[in-house]
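**Student:** Submitted below is the structure of interest, expressed as structure tokens.
Every number in this text was worked out from the coordinates using simple rules, so none of it is lab data. Predicted, not measured: the structure shown is a model, and the values here were computed from it. Heads up, the Cβs are rebuilt from the backbone with ideal geometry, glycines too, and the neighbour counts pull from every protein chain shown.
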Amino acid sequence: LAKTTQPPSMEAYEGQEVNVSCSHTNIATSEYIYWYRQVPHQGPQFIIQGYKDYVVNEVASLFISADRKLSTLSLPWVSLRDAAVYYCIVTDIGNNAGAKLTFGGGTRLTVRP
Amino acid sequence: EAAVTQSPRNKVAVTGGKVTLSCNQTNNHNNMYWYRQDTGHGLRLIHYSYGAGSTEKGDIPDGYKASRPSQENFSLILELATPSQTSVYFCASGGTTGGTEVFFGKGTRLTVV
């Protein structure tokens, strides 16, 4: 099971673009990359997932390096509501068994007005 | 919208007592999960299930049992609650195909006194 390494904390001002990096040097070919975020007193919320290259949705974009050992979550124009802990997770779907997410410490994003 | 509902949302239990945490999902997902989160830490997987009648041990199963009587319902059972099981518990559901999102409930805060 691949492990991930993220910066423990980041700070940004409202309106800035934020890039959160995640290293997963031992990622296996069968593993996907998920990003979740969690605000206080709530369960984690899915942001985006990918396997390779570049993925974008209405909330964020995800860049995955060619060797898949590094991914970067990009949040455009952050607001105070984006203050949360961001988790990068890699998981083996494993023969259609579904994702069994293993959470690390995450990156705590502080957004200043 | 995908929904995972946990009950109760808050629970105070006595040491040695039996506690049952309930989870219901309306997503028609095969997979369901129970996690616990201690203050300042990421989520840790206790038990999970691939479908009705199945339960699997996660990373920290000791002291917990799980029950999946139907596709929609997944319970976490503490037969003999201890103060070390004081935590916030999250239930989640997810599909089985690659890259499928996992949805989390709002959590149950359990205090064992």
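**Student:** Compute for the protein assembly as shown: radius of gyration divided by Kirkwood radius, i.e. Rg/Rh, restricted to C-alpha atoms, rounded to two decimals.
**Tutor:** Using Cα coordinates only, the ratio equals 0.98.
**Student:** Also, I was wondering about something else. Output the Cα-based Rg and Dmax of chain A in Å, rounding Rg to one decimal and Dmax to a whole number.
**Tutor:** That works out to 13.6, 46 Å for Rg and Dmax.
**Student:** Which ³J(HN,Hα) values in Hz, rounded to whole numbers, follow from the phi angles of segment A:38-50 under the Karplus curve 6.51 cos²θ - 1.76 cosθ + 1.60, where θ = phi - 60° and Gly and Pro get x?
**Tutor:** Rounded to whole hertz, the list is 9, 9, x, 6, 9, x, x, 10, 5, 10, 6, 9, x.
**Student:** For a quick check of your reading of the filter: which GluC sites (Glu not before Pro) in segment B:1-95 sit in a DSSP loop and have no more than 10 other Cβ atoms within 10 Å?
**Tutor:** B:E1
**Student:** Give me a comma-separated list of calculated 3J(HN,Hα) values for segment B:54-67, in order, Karplus coefficients 6.51, -1.76, 1.60 applied at θ = phi - 60°, integers in Hz, x for any Gly or Pro.
**Tutor:** 10, 9, 10, 7, x, 7, 9, x, 4, x, 10, 10, 10, 9
**Student:** Which cross-chain or sequence-distant (5 or more) residues have an amide H under 5 Å from the amide H of A:T110, H modelled 1.01 Å from N in plane?
**Tutor:** So A:T110 has HN proximity to A:M10, A:E11, A:A12.
**Student:** Related question: Exceeding 30 Å between C-alpha atoms, which entries from my cross-link table qualify? They are A:K52/B:K65; A:K100/B:K18; A:K3/B:K11; B:K57/B:K106; A:K69/B:K106; B:K18/B:K57.
**Tutor:** From A:K52/B:K65; A:K100/B:K18; A:K3/B:K11; B:K57/B:K106; A:K69/B:K106; B:K18/B:K57, over 30 Å: A:K52/B:K65; A:K3/B:K11; A:K69/B:K106.
**Student:** Which GluC sites (Glu not before Pro) does segment A:1-66 hold that lie in a coil by DSSP with at most 12 other beta carbons within 10 Å? The partial results should precede the final answer.
**Tutor:** Numbers: sites: A:E11, A:E14, A:E17, A:E31, A:E58; in loops: A:E14, A:E17, A:E58.
Here the GluC sites (Glu not before Pro) that fit, given the DSSP loop and packing criteria, are A:E17, A:E58.
**Student:** Which of the trypsin sites (Lys or Arg not before Pro) found in segment B:1-89 are in a DSSP loop and have at most 15 neighbouring Cβ atoms, other than their own, within 10 Å? Walk me through the numbers before you get to the answer.
**Tutor:** Details: sites: B:R9, B:K11, B:K18, B:R36, B:R44, B:K57, B:K65; in loops: B:R9, B:K18.
For trypsin sites (Lys or Arg not before Pro) across segment B:1-89 that sit outside H, G, I, E and B with at most 15 neighbouring Cβ atoms in 10 Å, the list reads B:R9, B:K18.
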